[in-house]
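Have a look at the structure below, then the notes.
No value in this document is a laboratory result; all are computed from the given coordinates. What you see is a predicted model, and the numbers here were worked out from it, not measured in a lab. For neighbour counting, all protein chains shown are included, and Cβ atoms are generated from backbone atoms with ideal geometry for every residue, glycine included.
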Amino acid sequence: MTKDVTDPSELSVPADSPKSGRRPGRPTGTQHGEPRALLLDVALVLFARQGIMETTLGAIAREAGVTPAMVHYYFKTRDQLLDVLIDERFVPLRAELGSLFADSDAEPADALRAFAEGLVAVAERLPWFATLWVREVISEGGLLRQRIAARFGDANRKAAIARIAQWQKEGKLNPHLEPSLLFASLFGLTVLPMAVTYKWAEENGDCAPKRDQIARHAVALLMHGIGPA
C-alpha cells in the first residue's frame, strides 16, 4: 500500500541524492524550514533562465534537490504554481511599484523618476525579475503575460495613461509624449538593461555593467534626453 503524504519534510531529499548536494546558483534555503518558499524561488530562477514552457515540475524538483512528490504535494500542476507565484510574488511587487506612482500630489517628473528607480531596485533585489519579465511578460505569447492580464485586467494601466494625459493638459509634461508608450519606455530603459546585466553576470561575472549605472543612465535619459546638461 502506498503511504499517504502528510508531512512534506518526508519528501525533501531524493533517495539517490546526498542531502548536502546543491548546484551553484540554486537559491539558498532550508529544506526542512520553508520548502514551499524554496520551490517558488527555484521556479522563478528556472523560468527566467529557460522559460516557463521549458520548465517542468520535475525540473524544479531536481534543481531544488527534492523529490517530484514533494513538488506535487504543494503544486498539483504548473498552472497552479503560476497562479501561486502571481498571488504571492507578483501581487506584492505590483503594489510596491504602483505605490511609487500613486501620490496624487507628486510632480510628474518626481513620480516618473521614482518609478524608474523603483524598477531598477526591484531588479537588483530579485535577479530573476528582469529576465523573467522580458521573456514571459513583455514578449508576445508569454505565459505570465496571459495569466497576469487575465488576473488583473487593464484598469490600472488605463488610469495611469489618463493621469499622464492630464499632466500634459496641465503643461507639466511634454505634450509630444505618447501616454500609452511612456511606461513601455520606462521599462525599456530599466528592465531590459537589467535583464542583459543578469545574463552577463551569469556568463562573465564582473564584466556586467553596475546596477547603479543603469539607474543613473535611465533617469538621465528620462529627465534630460541626450542633449548637453
Which of the residues spanning segment 56-83 are among the aliphatic types (A, V, I, L, M) and surrounded by fewer than 16 Cβ atoms within 10 Å (Cβ to Cβ)?
Ala69
Of the residues in segment 115-146, those that are part of a loop (DSSP other than H, G, I, E, B) and closer than 17 Å to Ile214 by Cβ come to Leu126, Pro127
Quick count over segment 152-176, residues being touching a helix residue (DSSP H, G or I) at 6+ places or on another chain (Cβ under 8 Å), over 16 Å from Gly98 (Cα atoms) and either in a helix (DSSP H, G or I) or of a type in the set (Val, Ile, Thr) (or both), is 3
Pairs please, first residue from segment 82-96 and in contact (Cβ under 8 Å) with a residue 12 or more places away in the chain, second anywhere and in a helix (DSSP H, G or I) and β-branched (Val, Ile, Thr), Cβ atoms under 7 Å, 6+ apart in sequence or on different chains.
Ile86/Ile148; Phe90/Ile148; Leu93/Val122
Output the qualifying pairs, or none if there are none: Cβ atoms under 6 angstrom, residues six or more apart or on different chains, first residue in segment 178-197 and without any contact (Cβ under 8 Å) to a residue 60 or more places away in the chain, second residue of a type outside the set (Val, Ile, Thr).
Pro179/Ala165
It is to be established whether one or more residues within segment 90-106 are out of contact with any strand residue (DSSP E or B) (no Cβ under 8 Å at 6 or more places or on another chain) and farther than 27 Å from Ile214 by Cα.
yes
